[in-house]
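Quick notes on the structure that follows.
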Amino acid sequence: MKFSVEEFRNWENKKVTLLGMSGVGKTYLSSLLRDSQWFHFSGDYRIGTRYLDEPIMDMIKQQAMQVPFLKELLRNDWIYIKNNIKVHDLGPVLSYVGKLGNPELGGVELDDFIQRQACYRDAEIAAMHDVPSFIEKAQKIYGYQHFVNDVGGSLCELDEPSVIDTLVKHTMILYIQVTDKEEENKLIERAQSAPKPLYYRPEFLQEQLAVYLAENNLQYAAQMNPDEFTRWIFPRLFHSRIPRYEAIAKPHGYTVTSQEVAQVRDQNDFLELLETAIARAE
């Protein structure tokens, strides 16, 4: 959706999609707005609780069945296991997606990793197609006036036009851009020390994997240290996503910086920031 400043001010039920890398402030803004009649739709939470819940549970049960004591309990339905994902803690999804590399070091073998990546992509696409129905639920069932869609950092990687079409039709796109080199380094360091589930476009993964194997004199992905590979590839992923975000934001939305987002303290600050973004684009 596109607006003039006046049209935006008069928009009674505001609906905003926050776009950008993990760590730029999407969840920070969403959490802040929840106290001001904004419904917070977390794409990652929807993925973990709806579309990847069964695969996550199957993975956990498969591991548990290897323990004789737990195997007996599970087979007799004496215990149950539950996915306890939280908006601020995506541990179950991270465990399912995993890290590519040596299984003996906690990694996932290449074929399995590629399959999980495909499942994650399908789940994210499905979650974004749920946005219109949740907009309706937020107003009619829960009584929220406004709606904020906190999408995963990999939305720009999906190469699924219907997702962008859906979000543009039903929400205002706000891209949070990182323009400061020091801030960029902080985001990369944070992502490496506290990783979130990562989706790689297949061609990007294969290209970077070949480079990494050659640089480290390795023949197979199963020989890699998964943590070292993740740390190595993330800065490259970060920079590859920037033009993809911009390709969405320029024709369809508005852009603010992560420094501007850091200054937002309440709903009024957020609305002022949106008006500033709209005015800059006019």
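The values are calculated or read from the model by the stated rules, or taken from the named source; none is laboratory data. None of the values given here were measured: they were computed from a predicted structure. Cβ placement follows ideal geometry from the backbone for every residue including glycine, while neighbour counts extend to all protein chains displayed.
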Practice problem: Kindly provide the set of residues from the stretch 123-150 that are among the hydroxyl-bearing types (S, T, Y), exposed (fewer than 15 other Cβ atoms within 10 Å of the Cβ) and either closer than 14 Å to K169 by Cβ or touching a helix residue (DSSP H, G or I) at 6+ places or on another chain (Cβ under 6 Å) (or both), ordered by number. | Solution: S133
Practice problem: Out of the residues in the stretch 153-168 that are of a type in the set (A, V, I, L, M, F, W, C) and more than 18 Å from Y45 (Cβ to Cβ), state the one that is nearest to the chain's Cα centre (by Cα). | Solution: C156
Quiz item: If we scan the stretch 17-25, do we find a residue that is surrounded by 14 or more Cβ atoms within 10 Å (Cβ to Cβ), at pLDDT 95 or above and over 25 Å from L94 (Cα atoms)?
Solution: no
Exercise. Check the stretch 30-44 and report whether any residue there is surrounded by fewer than 22 Cβ atoms within 10 Å (Cβ to Cβ), out of contact with any Leu (no Cβ under 8 Å at 6 or more places or on another chain), hydrophobic (A, V, I, L, M, F, W, C) and at pLDDT 90 or above.
Key: yes
Practice problem: Give the stretch 232-274 a look and list any residue that's surrounded by fewer than 16 Cβ atoms within 10 Å (Cβ to Cβ) and of a type in the set (D, E), or say none. | Solution: E246, D266, D269, E272
Quiz item: Mind checking which residues of the stretch 1-29 are within 18 Å of H252 (Cβ to Cβ) and among the acidic types (D, E)?
Solution: E7
Exercise. Give A221, A210 a once-over and let me know the one that is within 22 Å of I114 (Cα to Cα), out of contact with any Ser or Thr (no Cβ under 9 Å at 6 or more places or on another chain) and surrounded by 17 or more Cβ atoms within 10 Å (Cβ to Cβ).
Key: A221
Quiz item: So which residues in the stretch 272-282 are within 25 Å of the chain's Cα centre (by Cα) and free of Cβ contacts under 8 Å to residues at least 24 places away in the same chain, if there are any at all?
Solution: L273
